[in-house]
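K.L.:
Following this message is one structure expressed as C-alpha cells.
The values are calculated or read from the model by the stated rules, or taken from the named source; none is laboratory data. Everything numeric here is computed off the predicted structure, so don't read it as measured data. Note: ideal-geometry Cβ built from the backbone for every residue, glycine included; neighbour counts use all protein chains shown. Please note that ligands, DNA and RNA were not included when accessible areas were found on the heavy atoms of the full protein model with its side chains. Shrake-Rupley method; radii C 1.70, N 1.55, O 1.52, S 1.80 Å.
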Amino acid sequence: MKLIDRSMSRELLMNLFFAVAVLSLVLVIGNIFRRLLPLLVNHDVPPEYIITFVAYILPFSLIFTIPWGLLTAILLTFGRLSADNELIALRSNGVSILRICASLAVIAVICTGLSIWLNAIVAPAAQQKLRRTIFDLATRNPMALFGSDQVIDQFPGRKIYVGKKEGNQLENIVVFEMDDKSMPVRVTHARTGTLEADLPNQRILMHLYNARYQQRDEQDPFDLRKIKDGINMAEGTLPISLEELYNKEKKRPNRSTLSVEELIDQLKTTDIKTQSATRTELNKRFSFPFSCLAFAIMAVPLGVTAHRRETSMGFLISLVVAFSYFLFVIAADTLRLKPQMHPELLVWFPNVLFIGIGALLFRRLARQ
C-alpha cells in the first residue's frame, strides 16, 4: 500500500507543480509583463522594480492558481489512471477508491492550509507593499514616472502629458490642473521643460519654458466667457508634491490590503454597507481556501468518468469547473454593498454545492 501512496503522491505533486506554474505564467505573469514592460521601456524603470512587482503579485495569484492547479492535477492523474485501466486493476485486487485517494486527501488538506495562510496573511501584506512600491519608485527615481507620449495621472489634482522625454528634458508638455470635482480649471501648454527632483522636500520641480495657459474663473468655472486665455509665460516652475501621491495611495479604500485584524476592527463601524463589505471580505478569505477540498472531492469522479489521458482535456474540464466556482465568488463580491442579499454567505455557497455534487458522484463511483 505504501508503494501505491508513493506513486499517487509523486504523480499528483508533479502535475500540481506543473499546473500551478503554467496557470501562474499564463494568467498572471503574462499580464504583469504586458502591463509593466511599457513602463520599463518608456519610463526607464529599473529592472529590480519589475522583479519586485512580480514578487508582490505572485502570492495573490497563488490564491487562485493553487486550487485551480490542484483541480487540474487530479483530473490529469485520475484521467490517466482510468484510461490505462490502472484503477480497474487496483480495485480488482481489493483496493477501494477511498484507499486510492488517501494520499490525495493529505495533499488537499495541505493545499487548503497553505491557501488559508496565503489568503489571511501573505497576500494582503504583499498587496499593501505593492501599493507602497509606487511611492518608493517616485521618491527614489521620480523621473521614471514620466515617459514619451504618455499621460501621467498618478498625481492628485493633475494630469500631465509629455510628448517627448530625453533624460530630464521634456518637449510638448500639457498640464491639466483639476478641482475637487475633476473639472480642469487650468490648462498649461509648454514647448519645453525640465525635471528636477527635490527629494528633501518630497517633490518634483517641473520647469516650463515658452508656456501659455488658460484658466477658468474660480467663482464660475462653467461660464466659458470668463476663461482667461492667451496668458504667456517665458519661464515658470510647477511643484509636484510626492507626499500627496503617497496620501492618495494610502487613503484609497482597498480591503484586499487589510489584515484580518484590521478587517475585524472595521466591523465596529455603524455603516451597514461597510459592515457588509467587510464581512464579505473576511468570509471570502476563509471560504476560498476550502475550494481545494471541494475541487478534490469533485475532480476524482470527473477524472475517472472523462477516461482521458490527454492534458488538454484535463485543462478544459478544470476551466469549466473553476469558472463555475469563481462565478459565485465574483457575484458575492459584486453584491458586497447589499447586506440584504447576504453576500457573506454567498461566498460559501459554491463550497457547499461542489462538495455536495462531488460526494454524490463519488458515492456512485465507489459503488461501481
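K.L.:
Could you check Ile317 against (1) modelled with pLDDT under 80; (2) crowded, with 17+ Cβ neighbours inside 10 Å; (3) farther than 30 Å from Ile107 by Cβ; (4) not charged (D, E, K, R) and say which number it fails?
P.N.:
For Ile317, the failing item is (3).
K.L.:
Across segment 224-243, what is the number of residues that are of a type in the set (A, V, I, L, M), in a strand (DSSP E or B) and at pLDDT below 75?
P.N.:
Result for segment 224-243: 2.
K.L.:
Sort through Lys159, Lys181 and tell me the only one that's at pLDDT 80 or above and basic (Lys, Arg).
P.N.:
Details: Lys181 fails: at pLDDT 80 or above.
Answer to the selection: Lys159.
K.L.:
For the subset of segment 97-135 comprising residues that are touching a helix residue (DSSP H, G or I) at 6+ places or on another chain (Cβ under 7 Å) and of a type in the set (Gly, Ala, Ser), which member is farthest from Ile152 (Cα to Cα)?
P.N.:
This residue is Ala102.
K.L.:
Scan segment 244-262 and tell me whether some residue there is of a type outside the set (Lys, Arg), at pLDDT below 85 and over 30 Å from Val122 (Cα atoms).
P.N.:
no
K.L.:
Only residues that are under 30 Å from Asp84 (Cα atoms), at pLDDT 80 or above and open to solvent by 50 Å² or more (accessible area, probe 1.4 Å): list them for segment 263-314, please.
P.N.:
Listed by number, the residues that qualify are Leu293, Ile297.
K.L.:
For segment 331-341, what are the residues that are open to solvent by 90 Å² or more (accessible area, probe 1.4 Å) and either in a helix (DSSP H, G or I) or not charged (D, E, K, R) (or both)?
P.N.:
Of everything in segment 331-341, those that are open to solvent by 90 Å² or more (accessible area, probe 1.4 Å) and either in a helix (DSSP H, G or I) or not charged (D, E, K, R) (or both) turn out to be Thr334, Gln340, Met341.
K.L.:
Give the residue, chosen from Leu39, Leu71, that is at pLDDT 90 or above, of a type in the set (A, V, I, L, M) and assigned to a helix (DSSP H, G or I).
P.N.:
Leu71
K.L.:
Restricting the search to segment 343-368, which residues are loosely packed, with under 15 Cβ neighbours inside 10 Å and not in a helix (DSSP H, G or I)?
P.N.:
Scanning segment 343-368 gives a single hit, Gln368.
K.L.:
If you don't mind, another one. Restricting attention to segment 323-368, report how many residues are in contact with a Phe, Trp or Tyr (Cβ under 7 Å, 6 or more places away or on another chain) and within 25 Å of Leu98 (Cβ to Cβ).
P.N.:
Selection size over segment 323-368: 4.
K.L.:
Name the single residue, out of those in segment 168-185 being over 13 Å from Met206 (Cα atoms) and not in a strand (DSSP E or B), that is least open to solvent (accessible area, probe 1.4 Å).
P.N.:
By that ranking, first place goes to Met183.
K.L.:
Find all pairs meeting these conditions: Cβ atoms under 8 angstrom apart; at least six residues apart or on different chains; first residue within segment 184-209 and under 12 Å from Gly236 (Cα atoms) and touching a residue at least 12 places away in the same chain (Cβ under 8 Å); second residue small (Gly, Ala, Ser) and open to solvent by 50 Å² or more (accessible area, probe 1.4 Å).
P.N.:
From residues that are under 12 Å from Gly236 (Cα atoms) and touching a residue at least 12 places away in the same chain (Cβ under 8 Å), the pairs are Tyr209/Ala234.
K.L.:
Is one or more of the residues making up segment 128-136 closer than 30 Å to Tyr213 by Cα, buried (at least 19 other Cβ atoms within 10 Å of the Cβ) and modelled with pLDDT under 80?
P.N.:
Within segment 128-136 (the criterion being closer than 30 Å to Tyr213 by Cα, buried (at least 19 other Cβ atoms within 10 Å of the Cβ) and modelled with pLDDT under 80), the answer is yes, since at least one residue qualifies.
K.L.:
Going through segment 69-111 one residue at a time, which ones are β-branched (Val, Ile, Thr), touching a Ser or Thr at 6+ places or on another chain (Cβ under 9 Å) and open to solvent by 10 Å² or more (accessible area, probe 1.4 Å)?
P.N.:
Ile88, Val106, Ile107
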